[in-house]
Protein chains: 2
Amino acid sequence: MALRQSNMDGMMADMQFRPDLDTASDIPLYRQLGDYVQRLIAGGDLRPGDRLPPTRELAGQIGLNRTTVSAAYEWLESEGLIQGAVGRGSFVLGNSLRPPGAAREIDWSRSLTPSMFPSSGSPASNVIDFSSSRPSEQLFPLEEFRECCAEVLSHPRLQSLLQLGSPLGHAPLRAWLLARSRQQNVAGDDDDILITNGCQQAVDILRRALTQPGTRVAIEEPVYPGLRNLFLDAGAELIGVPVGDEGMDLIALRKALDAGAKVVVVTPSFQNPTGATIPAAARAALIAMTRSSGAVVIENDIYSDLVYAGGNLPRLKSLDRNVILLGSFSKIAFPGIRVGWIVAPKPVIARAAELKQLTDLHTDQLSQAFLLHFAESGRLARHESIVIAAGREKLRAVESACEKHLGMCRYSVPDGGMNMWIDLPAGMDAVALRGLARQAGVDYLPGRYFSVSRSLDGGLRLSFAGLTPADIRRGIAILGGVIDNAATSREDASRPTLAFV
Amino acid sequence: MALRQSNMDGMMADMQFRPDLDTASDIPLYRQLGDYVQRLIAGGDLRPGDRLPPTRELAGQIGLNRTTVSAAYEWLESEGLIQGAVGRGSFVLGNSLRPPGAAREIDWSRSLTPSMFPSSGSPASNVIDFSSSRPSEQLFPLEEFRECCAEVLSHPRLQSLLQLGSPLGHAPLRAWLLARSRQQNVAGDDDDILITNGCQQAVDILRRALTQPGTRVAIEEPVYPGLRNLFLDAGAELIGVPVGDEGMDLIALRKALDAGAKVVVVTPSFQNPTGATIPAAARAALIAMTRSSGAVVIENDIYSDLVYAGGNLPRLKSLDRNVILLGSFSKIAFPGIRVGWIVAPKPVIARAAELKQLTDLHTDQLSQAFLLHFAESGRLARHESIVIAAGREKLRAVESACEKHLGMCRYSVPDGGMNMWIDLPAGMDAVALRGLARQAGVDYLPGRYFSVSRSLDGGLRLSFAGLTPADIRRGIAILGGVIDNAATSREDASRPTLAFV
């Protein structure tokens, strides 16, 4: 029973074969017919994919023996011009005598959208690696996590977890996070929540929900490259707002808003890469500015629980309900499990859920259930206190080592998070220095990877959260030595040399 | 130690306060000063986020007692115009006397990119539901899956699974899939593999890698809406190629290529929603066409293992190495676990990996490890044979029920997959009929949700894979009754009524 007419029917309906055959010629008839068909192909009358009539039909049509037509098709097939299909006739493969394997290959450099991002290079091995902003896997509570997973897996709910889920996320996880957000005063009655594959996807989805090519977006500078590249790739016009000790420079932010920035992406606490935190008063000032301009604020809140010193500050979302807040378990718990979320006014979540469905239907359900149970059962809070205690140790190591070894640099030790920024002595280049540092046994990411429009070659990011206090001390000592050496050899080079004296 | 100058310094550097104060007035000085500042705010000389000088400083500057300045600030704060911050002066909140809570709210309908997709409506409850293309959760091998997870979780490798991973995917899973793809002749030496969050994300990533706004993309019609909407949302220009019993109409595809289609997305086996499969000869013809035009082919291969009748057909990727193949475990195993993949020439995978990193860093590592172990340990193959045996039963139920109850319709029973297409009797509307069907206890998706540019209101999709044979039989019987009734009442309505005779 046919839904519609078959593909292969009618393909040749309008084509009449009228070969001018010479029975008196030395050239056999099958070959004359084959040459005729080859000319039809070469001339574009027959094109790749076109069907030739079945041999019986063509034989009748042009008054030849069917064997002759079959021989012609066989010759054409041996030349790679056509391909036979039992019972369906044959069809044209290519338009020249090249074998099909040698047919036109795609020039991927023309077919693919261009890449615009320099790689930060492979991480060096066998060095103390300050280049990656990630938690220490030595702290992962593997036994607790195993128990937690076993509890989730043994539950009858497992069946529904393995079935297709909601774009919004696993309902019990959403409910738990929304309740916690309400306690933290970052969700009101008009807010809703969407689960994403970590915070990176949250930004990608919001980028689609809030920008079009040419939309002006204010971001921090230096900035996390994954954030910058996402907006750049989508054709947004980026305005870099310099970050100082106290986060975004508000005068520059005002200018960005006056220049038409419609979206502001900001990490108020322990910004990556600088570690800077915006003080309470400046948070309120920032909100006053964005509120008066009507710009949408995306608050990247993934580091704010990692407070090693000092107290908590109000989240921007608690100062203005229009703010869109991004959270994640990745910085406290397990970055390999991709679960993050967006808390935002309901219209934003409705559009974001639509985009989430377009992107990948929904976030992995099993991972959502694991992390919910890890949190609900109190294991997350226990782990968090261990991570924070360890972070305090790391921070002390950073502080004393910097004081001891980085006397030539400018830096500011943060109160939490995973990263800090080092300004090298004037004129020193962090990219050039990196080669020396790697040779000496330490790695970091040079400032230029975090640049939006300014040169940041004199700075670098130290990511300390993944290292032990001992490695932090040893690594910063090595780095300090490399910097001192570079400064000394520069001084030597600039001194007049008295050769042969 | 300051990285750069603090935000809060210098904010007011250029602003001079010159209030015209009248000591003889009845209006107290603090209030005169307050009114003056209010006028500066209302006139735009001071803007939200601007800092006022500390009271002591301003008092000195304008020759007033500090208490008076403090009283003026307090009055301004009580009016909601400014906010104080201990030790840092105060700053401007808003530019009118509205309390800050009532400040300008964002009009989300203007800030959000527009949604362009009609919802397919909530699934009806308590009906036999043919509306969702998903496997039956009753078949999920929960005990086998639990064992499999326990084995993965107990492995010391768990620690690295919980850490940040590669955008390309979990290396052992990639190696396993690449080896299998080579066995299936769908990967050569020039191919590589990228793990995605299911097939939907694979399409999203390739859409970014291969199209820009305005790029012409040929897709099947009817088509899976998640695919159509993804390209539409990105501004591609879609060309719908009608799908018949034997898949894409090749004459229409030729026209689409001639019209400049640069990308062709095709599901050669058990297409969603029609269930159509392209025969071997037409596959070769399709490849001959796309090869000669230089268009990129994306082969959606997620259903091809679900063969209940007939044999396997060559994948397009085995006919042309330029083809990009999409695979997934979701249709065989567990759709709630989001793991799919792309097999493609290396330059495509390199660009796709960059985009994957921008999108969400990488796919959940634990889920990748679970599915790898499920496959490697032979459990996937065992489960697959159970799914296929069950599918065969379902297909038989579909076939006999359709023959018995859908005599008025045109349809074609597929040889596998999850879906089939029904053309209703001429003039009958699937959207209108759906209301009646739901009342009668059966649901489906009307054809219009699968449309690209043609009206498909006379057709509908039946997704049978999630149902038991008994429910399939019962559901199709109900549907057939609803269709017969609708046809009869239409005939009655068109007959002249002889009232009161």
For this session: Answer with yes or no whether B:Arg291 is at the interface with chain A (Cβ under 7 Å from one of its Cβ atoms), open to solvent by 20 Å² or more (accessible area, probe 1.4 Å) and in contact with an Asp or Glu (Cβ under 8 Å, 6 or more places away or on another chain).
Result: yes
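Sort out which residues of the range A:194-231 are assigned to a helix (DSSP H, G or I) and polar (S, T, N, Q), and write them in order of number.
Restricting attention to the range A:194-231, the residues satisfying the condition of being assigned to a helix (DSSP H, G or I) are A:198-210, A:225-231.
Scanning the range A:194-231 gives A:Gln200, A:Gln201, A:Asn229.
Scanning the range A:159-169 for residues that are under 21 Å from A:Phe334 (Cβ atoms) and out of contact with any Leu (no Cβ under 7 Å at 6 or more places or on another chain), which turns out most open to solvent (accessible area, probe 1.4 Å)? Before the answer, list the steps.
Applying the first criterion (under 21 Å from A:Phe334 (Cβ atoms)) to the range A:159-169 yields A:161-162, A:165, A:169.
Filter once more, so that each one left must be out of contact with any Leu (no Cβ under 7 Å at 6 or more places or on another chain): A:162, A:165.
On the way: A:Leu162: 0, A:Gly165: 27 Å².
Ranking the qualifying residues of the range A:159-169, first place goes to A:Gly165.
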For this session: Go through the range B:308-364 and count every residue that is aliphatic (A, V, I, L, M) and over 18 Å from the mean Cα position of the chain (by Cα).
Result: 15
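When you go through A:Ala175, A:Ala150 one by one, which is the residue that is in a helix (DSSP H, G or I) and within 9 Å of chain B (Cβ to nearest Cβ)? It would help to see each step written out before you state the result.
On the way: A:Ala175 fails: within 9 Å of chain B (Cβ to nearest Cβ).
The unique qualifying residue is A:Ala150.
How many residues are open to solvent by 20 Å² or more (accessible area, probe 1.4 Å) and either closer than 13 Å to B:Glu220 by Cβ or more than 23 Å from the chain's Cα centre (by Cα) (or both) if we restrict to the range B:457-466? Steps first, answer last, please.
Keep residues of the range B:457-466 that are open to solvent by 20 Å² or more (accessible area, probe 1.4 Å), which gives B:457-458, B:466.
Those still in the list that are either closer than 13 Å to B:Glu220 by Cβ or more than 23 Å from the chain's Cα centre (by Cα) (or both) too: B:457-458.
Matching residues across the range B:457-466 total 2.
Can you pull out every residue in the range A:310-334 that is open to solvent by less than 20 Å² (accessible area, probe 1.4 Å) and under 19 Å from A:Ile298 (Cα atoms)? Write out each step before concluding.
At the first step, the residues of the range A:310-334 found to be open to solvent by less than 20 Å² (accessible area, probe 1.4 Å) are A:316-317, A:320, A:322-330, A:332-334.
The answer is A:Leu316, A:Lys317, A:Asp320, A:Asn322, A:Val323, A:Ile324, A:Leu325, A:Leu326, A:Gly327, A:Ser328, A:Phe329, A:Ser330.
So that you can scan it fast, the table gives a plain yes or no per residue for (1) among the β-branched types (Val, Ile, Thr); (2) within 25 Å of A:Cys149 (Cβ to Cβ); (3) facing chain A (nearest Cβ under 9 Å); (4) surrounded by 18 or more Cβ atoms within 10 Å (Cβ to Cβ):
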{"residue": "B:Thr359", "(1), (2), (3), (4)": "yes, no, yes, yes"}
{"residue": "B:Leu366", "(1), (2), (3), (4)": "no, yes, yes, yes"}
{"residue": "B:Ala381", "(1), (2), (3), (4)": "no, yes, no, no"}
{"residue": "B:Arg392", "(1), (2), (3), (4)": "no, no, no, no"}
Exercise. If a residue has to be within 14 Å of chain B (Cβ to nearest Cβ) and open to solvent by 10 Å² or more (accessible area, probe 1.4 Å) to count, how many in the range A:294-306 make the cut?
Worked result: 2
Exercise. Before we move on, is B:Gly260 over 25 Å from the mean Cα position of the chain (by Cα), in a loop (DSSP other than H, G, I, E, B) and modelled with pLDDT of 95 or more?
Worked result: yes
Exercise. Is there a residue being among the hydroxyl-bearing types (Ser, Thr, Tyr), touching a residue at least 60 places away in the same chain (Cβ under 8 Å) and not in a loop (DSSP other than H, G, I, E, B) anywhere in the range B:399-413?
Worked result: yes
Exercise. Can you tell which of A:Pro213, A:Pro172, A:Pro156 is touching a residue at least 40 places away in the same chain (Cβ under 8 Å), open to solvent by 10 Å² or more (accessible area, probe 1.4 Å) and in the same structural domain as A:Ala375 (by TED's automatic domain parsing)?
Worked result: A:Pro172
For this session: Go over the candidates A:Gly427, A:Gly480 one by one and state the one that is assigned to a helix (DSSP H, G or I) and of a type outside the set (Val, Ile, Thr).
Result: A:Gly480
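Condition check ((1) part of a strand (DSSP E or B); (2) within 9 Å of chain A (Cβ to nearest Cβ); (3) at pLDDT 90 or above) across all residues:
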position: B:Glu74; (1), (2), (3): no, no, no
position: B:Arg88; (1), (2), (3): no, yes, no
position: B:Arg98; (1), (2), (3): no, no, no
position: B:Ser115; (1), (2), (3): no, yes, no
position: B:Pro118; (1), (2), (3): no, no, no
position: B:Asn126; (1), (2), (3): no, no, no
position: B:Pro135; (1), (2), (3): no, yes, yes
Seminar exercise, completed: Residues in the range B:181-210 that are more than 14 Å from chain A (Cβ to nearest Cβ), open to solvent by 10 Å² or more (accessible area, probe 1.4 Å) and under 11 Å from B:Val343 (Cα atoms) total 1
For this session: Name the single residue, out of those in the range B:211-235 being over 16 Å from B:Leu358 (Cβ atoms) and among the small types (Gly, Ala, Ser), that is farthest from the other protein chains (Cβ to nearest Cβ).
Result: B:Ala218
Exercise. Quick one: how many residues across the range B:236-246 are at the interface with chain A (Cβ under 9 Å from one of its Cβ atoms) and either at pLDDT 95 or above or surrounded by fewer than 18 Cβ atoms within 10 Å (Cβ to Cβ) (or both)?
Worked result: 2
Exercise. Could you say whether any residue in the range B:324-338 is over 30 Å from B:Ala150 (Cα atoms), among the aliphatic types (A, V, I, L, M) and touching a residue at least 12 places away in the same chain (Cβ under 8 Å)?
Worked result: yes
For this session: Only residues in the range A:9-24 that are farther than 14 Å from A:Arg51 by Cβ count as the first member; pair them with residues that are assigned to a loop (DSSP other than H, G, I, E, B) and at pLDDT 70 or above, Cβ under 8 angstrom, at least 6 apart or cross-chain, and list the lot.
Result: A:Leu21/A:Leu64
Problem set entry | Residue check for B:Arg39: at pLDDT below 90, touching a Lys or Arg at 6+ places or on another chain (Cβ under 8 Å) and open to solvent by 50 Å² or more (accessible area, probe 1.4 Å) | no
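Can you spot a residue in the range B:409-422 that is open to solvent by 20 Å² or more (accessible area, probe 1.4 Å) and either touching a His at 6+ places or on another chain (Cβ under 7 Å) or among the hydrophobic types (A, V, I, L, M, F, W, C) (or both)?
Within the range B:409-422, the first condition is being open to solvent by 20 Å² or more (accessible area, probe 1.4 Å), and the residues that meet it are B:410, B:412-413, B:415.
Narrowing further to those that are either touching a His at 6+ places or on another chain (Cβ under 7 Å) or among the hydrophobic types (A, V, I, L, M, F, W, C) (or both): B:413.
Within the range B:409-422, one or more residues are open to solvent by 20 Å² or more (accessible area, probe 1.4 Å) and either touching a His at 6+ places or on another chain (Cβ under 7 Å) or among the hydrophobic types (A, V, I, L, M, F, W, C) (or both).
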Exercise. Give me the pairs: first residue in the range B:176-190 and at positive phi, second residue outside any loop (DSSP other than H, G, I, E, B) and of a type outside the set (A, V, I, L, M, F, W, C), beta-carbon distance under 6 Å, and six or more apart or on different chains, which are they?
Worked result: B:Asn185/B:Ser318
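Does B:Pro273 satisfy the criteria of being within 8 Å of chain A (Cβ to nearest Cβ) and either over 12 Å from B:Glu220 (Cβ atoms) or open to solvent by less than 10 Å² (accessible area, probe 1.4 Å) (or both)? Don't jump to the end; show me each part of the working.
Values: within 8 Å of chain A (Cβ to nearest Cβ): no; either over 12 Å from B:Glu220 (Cβ atoms) or open to solvent by less than 10 Å² (accessible area, probe 1.4 Å) (or both): yes.
It is false that B:Pro273 is within 8 Å of chain A (Cβ to nearest Cβ) and either over 12 Å from B:Glu220 (Cβ atoms) or open to solvent by less than 10 Å² (accessible area, probe 1.4 Å) (or both).
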Exercise. Looking at the range A:335-357, which of its residues are open to solvent by 10 Å² or more (accessible area, probe 1.4 Å), of a type in the set (A, V, I, L, M, F, W, C) and in a helix (DSSP H, G or I)?
Worked result: A:Ala350, A:Ala353
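The values are calculated or read from the model by the stated rules, or taken from the named source; none is laboratory data. Note that this is a predicted model, so its numbers are computed, not measured. Using ideal geometry, Cβ is built from the backbone for each residue, glycine included, and neighbour counts are taken over all protein chains shown. Calculation scope for accessible area: heavy atoms of the full protein, side chains included, ligands and nucleic acids excluded. Shrake-Rupley method; radii C 1.70, N 1.55, O 1.52, S 1.80 Å.
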